[in-house]
Amino acid sequence: MNHSPPYRILDDGEARGFYIDVFNALADQLGWEIEYQAVPFRRVLWMLESGEADIMLGALPTEKRIGYLDFSIAAFPPEPKHFFYVHPENRITRYADLKGKVIEVLRGSTYNADFDKDPSLIREPGISYPMLMRMLEAGRLDVVVAPELVGRHSAATVSDRLRVSPFTLSGQTSYIAISRKSPVMAHRDDLQAALARLRDNGTFDRIQRRYTSEE
């Protein structure tokens with residue numbers, strides 16, 4: 001996991017957050033013991049590709065990732081991607097407004113198929129959303145793109161000068177992604193069944209509200 005509140009939170013060695021709490025509830029059902037490791041996002045992907053890690057929570061599929069990750073378990077709801085800015089001239093009201101802007105993205109992350117592959121956009125990678133928001137506040141870039149909840153959380157911890165543009169990118173369902181080299185691959189059906197039970201008994205919705213209501 002990478003530290004990405006409110007989805008994945010590492011606080012004094014304790015792992016929590018929307019995705020973490022859901023997965024802990026799944027693990028309780030299955031009798032699994034979970035070890036969470038906090039590493040930068042790009043290293044998360046490398047560990048999964050090499051088989052050093054088993055699972056990533058909240059992953060989105062890409063052509064490359066499908067080669068080493070299994071995306072059978074659609075777990076978390078779509079979330080729009082927001083564009084954060086400070087100066088009014090960097091307010092994004094339509095896709096065309098992105099042209100010519102320096103747009104900071106999380107290194108290794110994916111947002112929207114058209115946005116990710118658009119060669120006309122100036123995308124600069126960074127290592128964490130809080131760092132990107134600090135750079136934005138300092139005037140070192142024009143725009144930061146981030147999923148709604150993590151973006152608002154990160155912006156609020158940096159400055160009240162950061163604003164959210166009205167234009168958004170549509171979100172995608174995110175997954176409990178399993179390394180194809182992991183023995184967990186043999187337990188996909190067990191995870192699917194446990195997730196269905198969490199949804200049916202209301203646990204999933206209660207966990208989600210716990211974090212979305214904080215925003």
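Structural remarks
- By accessible area, using a 1.4 Å probe on protein heavy atoms only, segment 149-215 has 44% of its surface on carbon and sulfur.
- Amide H contacts of S4: I9, L10, each under 5 Å away and 5 or more positions distant or on a separate chain (H built 1.01 Å from N in the peptide plane; Pro and chain starts excluded).
- Karplus-derived HN-Hα couplings along segment 126-135 (A = 6.51, B = -1.76, C = 1.60, θ = phi - 60°), whole Hz, x at Gly and Pro: x, 9, 7, 5, x, 5, 4, 5, 5, 5
- Residues whose placed amide H lies under 5 Å from that of I55, excluding near-sequence neighbours: S179
- Using the average count of surrounding beta-carbon atoms within 10 Å as a protection proxy, the listed peptides 157-170, 112-125 rank, highest first, as 157-170, 112-125.
- Percentage relative contact order, the chain, counting C-alpha pairs under 8 Å, at least six apart: 31
- Angle between the chain longest axis and helix 18-30 axis [Cα atoms, degrees, rounded to 10]: 10
- Heavy-atom accessible area per residue - the chain, 1.4 Å, Å²: 50
- Over the chain: helical MRE at 222 nm, DSSP H runs n ≥ 4 each giving -39500 (n - 2.57), nearest 500: -9500 deg cm²/dmol
- Dipole moment magnitude, nearest 20 debye, segment 38-146 about Cα centre, only Lys, Arg, Asp, Glu C-beta charged: 260
- Residues whose placed amide H lies under 5 Å from that of L69, excluding near-sequence neighbours: R180
- Per-residue ³J(HN,Hα) for segment 77-90, Karplus 6.51 cos²θ - 1.76 cosθ + 1.60, θ = phi - 60°, Hz, x for Gly and Pro: x, x, 9, x, 9, 9, 10, 9, 8, 10, 8, x, 5, 9
- Cα long-axis angle, helix 203-212 against the chain (0 to 90 degrees, to the nearest 10): 20
- Between segment 80-94 and segment 143-215, the alpha-carbon center distance in angstrom: 22
- Most positive-pole-ward Cα, A194, T168, F204, against dipole of the chain from beta carbon charges: T168
- Segment R94-M185, extension gain: residue separation times 0.36 nm, minus the distance between their alpha carbons: 28.6 nm
- Pairs of Lys residues in the chain that lie 8 or more places apart, or on two chains, and have C-alpha atoms under 22 angstrom apart add up to 8.
- Residues in segment 40-60 that a label on S170 would reach, taking backbone N under 19 Å of a point 7 Å out along Cα→Cβ: 60
The values are calculated or read from the model by the stated rules, or taken from the named source; none is laboratory data. Since this is a predicted model, take the numbers as computed values, not measurements. Positions of Cβ are generated from backbone atoms using ideal geometry, with glycine treated the same way; all protein chains shown enter the neighbour counts. Accessible surface is based on the protein model in full, side chains and every heavy atom, while ligands, DNA and RNA are left aside. Shrake-Rupley method; radii C 1.70, N 1.55, O 1.52, S 1.80 Å.
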